[in-house]
Amino acid sequence: MGRFALLLLLAFASFQALCFAADDDTVFYDSFDEPFDGRWIVSDKDDYKGVWKHSKSEGHDDYGLLVGEKARKYAIVKELNEPVSLKDGSTVLQFETRFQNGLECGGAYLKYLRPQEAGWKAKEFDNESPYSIMFGPDKCGATNKVHFILKHKNPKSGEYVEHHLKYPPSVPSDKLTHVYTAILKPDNEVRILIDGEEKKKANFLSADDFEPPLIPAKTIPDPDDKKPEDWDERAKIPDPNAVKPDDWDEDAPMEIEDEEAVKPEGWLDDEPEEIDDPEATKPEDWDDEEDGEWEAPKIDNPKCETAPGCGEWKRPMKMNPAYKGKWSAPLIDNPNYKGIWKPQEIPNPDYFELDKPDFEPIAAVGIEIWTMQDGILFDNILIAKNDKVAESYRETTWKPKFEVEKEKQKAEDESTDSDGLSAVQKKVFDVLYKVADIPFLSEYKLQILDLIEKAEKQPNITIGVIVSILVIMLTVLFRLLFGGKKQPKVEKKPEVAETSNNQSTSGEKAEEEEEKEGTAAPPRRRRRDT
């Protein structure tokens, strides 16, 4: 018993040590179990009229900070007891958010603000308040990404520049609670996790990972360098020795009458295609002097519906086999071709070297967003110096809620009728969102996301959307493997049949107006042309 008691004591001491270590590594944490009044400060600026609420997450006893109204700007801030340095060791930024009513257009990101000496006040917190890092989901129209923006001071100019993470992950498209984590490592690495799964890894000093890069290019094109007047950039030129063939007829028409065509039997030569509507009557308020002579509106001639055609029959046109069009000389290689001209490179006067980012400390956590949606819930905001602490919070605060919501969603999916999204379709869309994040498809990401969102609203076109995305992928791969110097931009989106009633707001309004006109308006008055 004595040995067992000793082991139990050691285990308890070890557990306490771990807890104290976790406490030491937890810089800031707010579970919103208690009302935020007095702890968080709501902006007094006129633009920010959105009402924040202390509210339970739907289906849970867990509270959070809730966006309470649609189509509003919101701003609220919490000052930390002491500024947090991002230069010492690792720093983990983590928070949960849930789009309880879905998210069509709005932001749900956090801003980690610099000390107030940088020029801001809590009661005046707005979009101009200087921050160090902005992190979190944002979705509206073509925008669908988890932002990570570093505001970094240029050591040469002294100006603060926003550096955006390239190819950020997409926002999960559901109404479940998700946890977003950014881990800043001392080796200049940043990792972005969604629900504990790594979605993006980048290096702060890599030009491939941030736009604009933190370190400028060593050389730049010489702005004073001019292209010589005799510089020939034409790779191909018309063959100067080519002669138009004698039998080339440039005046031959593209189409000619089909002389072999025969008028179909039963063609009604004497019947017009349209006739006056026999049921139409002249409106009582029609004034011949003011409105002109009234004519009945036209309708399709019912006799033509069963006949092969009405009116004067004419032979159809066909392609002219003799048509060649305007002659032009064939192209040959240009013997004077010098390639595409570009200015010579010179040393960049703004270049500087950097071993590590010059992070500004974090003195406050703020939420400053504009959203068309209500029901956005923030919870369990954490700043820590150890990613194990963030992991433990995910396991204890986020995962239990997520599992409950996922099971509820699964049950709803199974009972979804044929007009809704099935569980299989949701999985397909999740895969397609991951496809959109593939780097070599970055030029087409907005187009792909647009297609996915359209398919989510119109489940019956899912197959067509998948085919369209596969065409895009194959096109890019083909060009990468076989040849072009540059991936072409797609000028026209793949056409997808739209049969659902779920269309854009502007489309719905237009249709509503058309329907109103079509159902409420009397027959149009027809004037006789004079």
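The values are calculated or read from the model by the stated rules, or taken from the named source; none is laboratory data. Treat the numbers as computed from the prediction; the structure is a model and nothing was measured. So basically every Cβ, Gly included, is an ideal-geometry build from the backbone, and we count neighbours across all protein chains shown. Quick note on the areas: whole protein, heavy atoms, side chains included, nothing else; ligands and nucleic acids left out. Shrake-Rupley method; radii C 1.70, N 1.55, O 1.52, S 1.80 Å.
Of the residues E259, E295, E250, which is farther than 30 Å from I340 by Cα and open to solvent by 80 Å² or more (accessible area, probe 1.4 Å)?
Unique residue meeting the criteria: E259.
Taking the condition over 27 Å from I237 (Cβ atoms), modelled with pLDDT under 95 and surrounded by 13 or more Cβ atoms within 10 Å (Cβ to Cβ), does G309 pass?
yes
Of everything in the range 280-292, what is surrounded by 11 or more Cβ atoms within 10 Å (Cβ to Cβ) and not in a loop (DSSP other than H, G, I, E, B)? Give them in sequence order.
D291
Can you find even one residue in the range 354-377 that is open to solvent by 60 Å² or more (accessible area, probe 1.4 Å), touching a residue at least 60 places away in the same chain (Cβ under 8 Å) and in contact with an Asp or Glu (Cβ under 7 Å, 6 or more places away or on another chain)?
Looking for residues that are open to solvent by 60 Å² or more (accessible area, probe 1.4 Å), touching a residue at least 60 places away in the same chain (Cβ under 8 Å) and in contact with an Asp or Glu (Cβ under 7 Å, 6 or more places away or on another chain), one finds at least one in the range 354-377, hence yes.
Residue by residue through the range 25-58, note down the ones that are part of a loop (DSSP other than H, G, I, E, B), buried (at least 19 other Cβ atoms within 10 Å of the Cβ) and touching a helix residue (DSSP H, G or I) at 6+ places or on another chain (Cβ under 9 Å).
Residues satisfying the conditions are S43, S57.
State all residues of the range 249-271 that are in contact with a Lys or Arg (Cβ under 6 Å, 6 or more places away or on another chain) and part of a loop (DSSP other than H, G, I, E, B); if no residue qualifies, say none.
Scanning the range 249-271 gives E250, D258, A261, E271.
Mind checking which residues of the range 125-142 are surrounded by 14 or more Cβ atoms within 10 Å (Cβ to Cβ) and either under 23 Å from the mean Cα position of the chain (by Cα) or more than 13 Å from E368 (Cβ to Cβ) (or both)?
N127, S132, I133, M134, F135, G136, P137, D138, K139, C140
Name the single residue, out of those in the range 66-108 being within 22 Å of T26 (Cβ to Cβ) and in a loop (DSSP other than H, G, I, E, B), that is most open to solvent (accessible area, probe 1.4 Å).
Here the residue is K87.
If the Cβ limit is 7 Å and pairs must be 6+ apart or interchain, which residue in the range 241-266 that is in contact (Cβ under 8 Å) with a residue 40 or more places away in the chain pairs with which residue that is of a type in the set (F, W, Y) and assigned to a loop (DSSP other than H, G, I, E, B)?
K244/W327; W248/W327; E250/W327; A252/Y323; P253/Y323; M254/Y323; K263/W313
Scan the range 430-440 and give yes if some residue there is more than 18 Å from H178 (Cβ to Cβ), modelled with pLDDT of 75 or more and over 18 Å from the mean Cα position of the chain (by Cα), otherwise no.
The answer is no; no qualifying residue exists.
Would you pick out the residues in the range 338-348 that are open to solvent by 50 Å² or more (accessible area, probe 1.4 Å), under 11 Å from T219 (Cβ atoms) and within 36 Å of the chain's Cα centre (by Cα)?
Correct list: E345 only.
Evaluate the following for G106: is it assigned by the TED database to the domain that holds E34 and without any contact (Cβ under 8 Å) to a residue 60 or more places away in the chain?
Taking the combined requirement at face value, the residue does not satisfy it.
Which one of these is within 30 Å of G309 (Cβ to Cβ), among the hydrophobic types (A, V, I, L, M, F, W, C) and not assigned by the TED database to the domain that holds N154: A242, A280?
Exactly one of A242, A280 is within 30 Å of G309 (Cβ to Cβ), among the hydrophobic types (A, V, I, L, M, F, W, C) and not assigned by the TED database to the domain that holds N154, namely A280.
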